[in-house]
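Let me begin by presenting the structure, written as structure tokens, before commenting on it.
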Amino acid sequence: MNNEDGRTSRIGRWLLGIFLFWPIIVLMVSLLERMLVHGQFEGYVAYLGSPVLVAILVGIALRHYPATRTFLKVLVTVVLVVTLLGGGFYHCATLAQSQSLHRTMVEYWSELSDAKVSISIPSRVASTLQYMTSPLSDRLSAVLSRLPIAGGYLLLYVAMPAPYYLLLLLITPPFLAFPLFWLWMLLSVLYVFVPQQDWGWTRDRARLLCKRIFAGKS
């Protein structure tokens with residue numbers, strides 16, 4: 001029993017380690033790849049591999065919750081911070097509200113398709129995700145260009161939730177785009193800062209309220 005509990009507690013530390021060291025691993029491999037073959041590995045991993053990785057990590061964390069609560073709080077905190085810095089979610093919500101999100105994606109995809117140099121489909125997907133979700137300010141871009149490690153961390157962490165909120169915004173009615181954005185922000189802040197026992201109290205109150213509502217209808 002103790003061995004099982006110890007193994008479960010180690011899962012949270014492993015997940016947190018993978019999450020925090022993932023950008024360093026990618027940057028090292030990307031630097032080596034640029035020196036040897038000058039490919040596009042960094043773009044593939046950032047905007048295609050990172051979202052898959054975070055989905056796997058979150059799936060494992062939810063399976064072993066509450067032992068992975070610390071990892072999930074760190075994950076939510078980091079994604080919240082990089083969303084505020086990068087502005088990708090807000091930018092896409094603005095486009096979705098004006099009903100131009102889909103058109104903007106299609107137009108950029110068409111530009112890549114019509115380029116003189118042949119671009120593979122994975123490269124187009126990665127480039128489109130980067131174009132849509134990383135509208136960094138010029139000042140922030142200038143600072144990050146002088147700090148490659150910090151820029152790499154921001155790039156990868158911004159990319160992790162990008163496909164998921166893009167998909168949500170594409171299927172969400174335009175008038176709900178900004179409410180969806182602010183709801184996500186509010187829930188993230190509450191999850192990070194509200195103590196665990198208060199979440200239990202809130203859940204119990206919500207269940208009691210639902211019972212009263214359904215009892216009144218019957």
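Within region 170-188, the only residue that satisfies the criterion of being under 14 Å from the mean Cα position of the chain (by Cα) and aliphatic (A, V, I, L, M) is Met185. Evaluated against (1) surrounded by 18 or more Cβ atoms within 10 Å (Cβ to Cβ); (2) at pLDDT below 70; (3) in a helix (DSSP H, G or I), Leu136 falls short on exactly one condition, (3). Quickly run through region 80-95 and pick out the residues that are of a type in the set (Val, Ile, Thr) and buried (at least 19 other Cβ atoms within 10 Å of the Cβ). Passing the criteria: Val82, Thr83.
So that you can scan it fast, the table gives a plain yes or no per residue for (1) closer than 15 Å to Ala159 by Cα; (2) modelled with pLDDT of 80 or more; (3) of a type in the set (Asp, Glu):
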| residue | (1), (2), (3) |
| --- | --- |
| Asp5 | no, no, yes |
| Arg10 | no, yes, no |
| Val45 | yes, no, no |
| Val74 | no, yes, no |
| Leu84 | yes, yes, no |
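Among the conditions (1) out of contact with any helix residue (DSSP H, G or I) (no Cβ under 8 Å at 6 or more places or on another chain); (2) among the aliphatic types (A, V, I, L, M); (3) modelled with pLDDT under 70, Leu186 misses just one, which is (3).
Taken over region 189-218, the residue count meeting the criterion of being part of a loop (DSSP other than H, G, I, E, B), of a type outside the set (Val, Ile, Thr) and either modelled with pLDDT under 65 or surrounded by 11 or more Cβ atoms within 10 Å (Cβ to Cβ) (or both) is 1.
The values are calculated or read from the model by the stated rules, or taken from the named source; none is laboratory data. Please read these numbers as outputs of a predicted model, since none were measured by experiment. With ideal geometry, Cβ positions are generated from the backbone for all residues, glycine too; neighbour counts draw on all protein chains shown.
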